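**Q** Supplied in structure tokens, the structure appears directly below.
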Amino acid sequence: CISGYTNTYLNRPDVQDAIHARPTKWADCSNIINYSRTSLLTSMLPVYEFLLTKGLKLVVYSGDVDAIVPVTGSRTWID
């Protein structure tokens with residue numbers, strides 16, 4: 001994974017406070033989660049629907065040059 005501006009930004013105390021996150025160390029990649037082709041092609045909509053029924057507030061983020069989760073796809077299902 002490529003480290004970059006996202007980690008620096010999300011690790012700022014003022015940003016974590018603004019998004020109501022507990023103080024934590026954010027990382028853009030994980031060696032704990034192993035993705036497969038099946039998981040990449042599986043819809044997250046059922047997970048989001050479940051979380052929303054629990055009263056959670058969600059932040060949905062898709063990068064404008066993200067090849068896996070294009071912003072147009074995220075816009076479509078949010079609308």
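**Q** Given the DSSP H assignment, sum -39500 (n - 2.57) over each helix run of at least 4 residues in the chain and divide by its residue total; what's the result at 222 nm in deg cm²/dmol, nearest 500?
**A** On the way: 5 runs with 33 residues, N = 79.
Taking each H run of at least 4 residues, the total per residue is -10000 deg cm²/dmol.
**Q** Hey, any idea what % of the chain's accessible area is carbon plus sulfur with a 1.4 Å probe?
**A** Within the chain, the accessible surface is 60 percent carbon and sulfur.
**Q** Take each of the peptides 10-17, 49-56, average the number of other beta-carbon atoms within 10 Å over its residues, and list them starting from the highest.
**A** Numbers: 10-17: 11.8, 49-56: 9.0.
My ranking of the peptides, most packed first, is 10-17, 49-56.
**Q** Same structure, new question: Ignoring ligands, DNA and RNA, what accessible area per residue does the chain give at 1.4 Å, in Å²?
**A** Computed with neighbouring chains in place, this is 93 Å² per residue.
**Q** What is the gain in length, in nm to one decimal, between Y5 and F50 on full extension, counting 0.36 nm per residue of separation less the C-alpha to C-alpha distance? Please list the in-between numbers first.
**A** On the way: separation 45, 0.36 × 45 = 16.20 nm, distance 3.07 nm.
Using 0.36 nm per residue and subtracting the Cα-Cα distance, I get 13.1 nm.
**Q** Only four residue types carry charge here, +1 at the Cβ of Lys and Arg and -1 at the Cβ of Asp and Glu. Report the dipole size of the chain about the Cα centre in Debye, rounded to the nearest 20. Numbers along the way, then the final one.
**A** Values: 7 positive and 7 negative charges, 49 e Å.
That gives a dipole near 240 debye.
**Q** Here's something else I'd like to know. Is the shape of the chain rounded, prolate or oblate, going by the alpha carbon gyration tensor and its root eigenvalues a ≥ b ≥ c, with a/c under 1.5 for rounded and a/b larger than b/c for prolate?
**A** Oblate is the answer for the chain, as a/c is 1.5 or above yet b/c matches or exceeds a/b.
The values are calculated or read from the model by the stated rules, or taken from the named source; none is laboratory data. The structure presented is a predicted model; accordingly, all values stated were derived computationally and were not measured. Using ideal geometry, Cβ is built from the backbone for each residue, glycine included, and neighbour counts are taken over all protein chains shown. Protein only, heavy atoms only, side chains kept; ligands, DNA and RNA dropped before computing areas. Shrake-Rupley method; radii C 1.70, N 1.55, O 1.52, S 1.80 Å.
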